[in-house]
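Beneath this line is the structure, given in structure tokens, with notes to follow.
The values are calculated or read from the model by the stated rules, or taken from the named source; none is laboratory data. Predicted, not measured: the structure shown is a model, and the values here were computed from it. Heads up, the Cβs are rebuilt from the backbone with ideal geometry, glycines too, and the neighbour counts pull from every protein chain shown. The protein model used for the area step is the full one, side chains on, heavy atoms only, and it has no ligands, DNA or RNA in it. Shrake-Rupley method; radii C 1.70, N 1.55, O 1.52, S 1.80 Å.
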Amino acid sequence: MGYSDDHWEVGTDIGGTFTDIIAIRRDSAEVRIAKVPSRPGAPVQAMLEAIEAVGLRKSEVRRFVHGTTRVTNAIVENRLPKVALVATEGFADVLEIARYRRRDLYRLDIAPKSPPLVPPERCFGLAERLDHEGRVLKALDEAEIERLVAWLKETGVQSVAVALLHAYANPAHEKMLSKRLKDVIAHVSLSHEVNPEAREYERTSATVFNAAAMPIAVEYLSELEQRLPIGPGLQVFHSAGAMIPISAVKRRPLVMAMSGPAAGVSASVSIARQLGTPRMLTFDMGGTTTDVCLIVDGQAEMTDGRMLGDKPLRQPMLAVHSIGAGGGSIVRNGPGGLTVGPESAGSEPGP
């Protein structure tokens, strides 16, 4: 990337309990590693403390790549910020309808489905309509946009998910709303950017997840840019196993879901190839979750979607399977016996 050999490349993994760091200097092949407690309310501070823990100054870092479980943990522990949903009129209940499958076929003492990501009172039906090929059947007019703006101001949410019917075929109406809402609400997530594919429930679910991740991610990523100003050398690990610049992540923070475990899987792929191991199972236990992934013939399994917190999360990603049971998971003794997680003691008070 054009960096001189006498500077350091740094990788960090922000977990709910610990922030881990590895620093490599190319000219001498020197490697330093450290572990510091995570700071749930100040993740950037934890990263800077990790840099200090390996004896580096910020000015010595020329490439800084980080993965994080912050988004994953928030989903698994159901700690997502409040989000509003804007859908086509008549389809605002898509999250509540979900799929016909019950969580447990033979147990009638539990709800057949988990609660929707967005409750009905924060769902808005917009008078507009496209057909499956993207042709406009009912145009979106100014009066309807004004009605939406007034409603959003009443909800008081920071983030809104816009998932209009067949927007994957024609995003014109979603783009209109994006231009109008950018000065009204802090974070706007558009389905044609997050998951431009058919299947309304899955596309809407992914868009809502992305909207909920925005307040979590954008604030601390902006702070990281200010406190570690190294330009394009500042990158985030993608859940599909690649590295992308922070500017792209701000629009799609959902790509950070499972990004920490994905980095570990990518490293394991390299090891599997070096060892010539045909099949390898990665096992990554953190404070909040335990994550596993299968590597076959030097390639990690990929998926275009998975369930996270009983909800579909659809985007290209490594097939990392995560359960809410880690080293700091809280154990409860309830009417049905002992339960483990998904809540974690995290770094405050710690495991």
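Quick check: convex hull over the Cα atoms of region 192-351, volume per residue in Å³, rounded to an integer? Before the final figure, lay out the partial values.
Values: hull volume 24.7 nm³, N = 160.
Per residue, the Cα convex hull of region 192-351 comes to 154 Å³.
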Per 20 angstrom bin, beginning at 0 and ending with the bin that holds the maximum distance, the Cα pairs of the chain fall in percents of 28, 55, 17, 0
In degrees rounded to 10, the 0-90 angle between helix 259-275 Cα long axis and the longest Cα principal axis of the chain is 50
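Under the 0.36 nm per residue contour assumption, what length would be gained going from the current alpha-carbon distance of Arg101 and Ser59 to full extension? Kindly include the intermediate steps, with their values, before the conclusion.
On the way: separation 42, 0.36 × 42 = 15.12 nm, distance 5.39 nm.
Separation in residues times 0.36 nm, less the Cα-Cα distance, equals 9.7 nm.
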Projecting the Cα atoms of Ile51, Thr277, Gly156 onto the charge dipole of the chain, where Lys and Arg contribute +1 and Asp and Glu -1 at Cβ, the residue farthest towards the positive end is Thr277
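For region 47-129, build the convex hull from the C-alpha positions and give me its volume per residue in Å³. Walk me through the intermediate numbers first.
Details: hull volume 16.9 nm³, N = 83.
Once divided by residue count, the hull of region 47-129 is 204 Å³.
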Once all protein chains are kept in place, Glu348 shows an accessible area at probe 1.4 Å, nearest 10 Å², of 130
With Cα coordinates, the longest principal axis of the chain makes an angle with the long axis of helix 43-53, in degrees rounded to 10, of 10
Ranking Val83, Tyr100, Thr289 by how far each Cα lies towards the positive end of the charge dipole of the chain (+1 on Lys and Arg Cβ, -1 on Asp and Glu Cβ), the top one is Tyr100
When the charge dipole of region 160-286 is computed with +1 on Lys and Arg Cβ and -1 on Asp and Glu Cβ about the Cα centre, the Cα farthest towards its positive end, among Tyr201, Met243, Val184, belongs to Met243
Taking every alpha carbon pair in region 184-255 and sorting the distances into 5 angstrom bins from 0 up to the bin holding the longest one, the percent per bin comes out as 3, 17, 24, 23, 18, 10, 4, 2, 0
Result for region 227-301: accessible area per residue, probe 1.4 angstrom, in square angstrom, of 43
Nearest 10, in degrees from 0 to 90: the angle of helix 172-181 to the longest Cα principal axis of the chain is 80
Filtered pair list for the chain (Lys only, Cα < 24 Å, 8 or more apart or interchain) has a length of 21
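Please give the net charge around Ala257, taking every other residue with its beta carbon less than 10 angstrom from that of Ala257, where Lys and Arg add +1 and Asp and Glu add -1. Could you put the intermediate results ahead of the total?
Numbers: positive: Arg70, Arg306; negative: none.
Spelling it out: positives minus negatives among the neighbours equals +2.
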If each part is reduced to its alpha-carbon centroid, region 117-148 and region 58-88 end up apart, in Å, by 28
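Could you order Tyr220, Tyr106 by accessible surface area, starting with the largest, using a probe radius of 1.4 Å? Display every interim value, and only then the final one.
Values: Tyr220 10, Tyr106 190 Å².
Sorted descending by solvent-accessible area, the residues read Tyr106, Tyr220.
Please list 256-265, 21-30 highest first by mean number of surrounding beta-carbon atoms within 10 Å per residue.
256-265, 21-30
Provide the net charge surrounding Leu234, with neighbours chosen by a C-beta distance below 13 Å and charges set as Lys +1, Arg +1, Asp -1, Glu -1. Each step should come with its number before you reach the end.
Working: positive: Lys58, Arg62, Arg63, Arg227, Lys250; negative: Glu9, Glu223, Glu225.
Computed value for this residue: +2.
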quick note, the chain, DSSP beta bridge pairs, % antiparallel (nearest 5) is 65
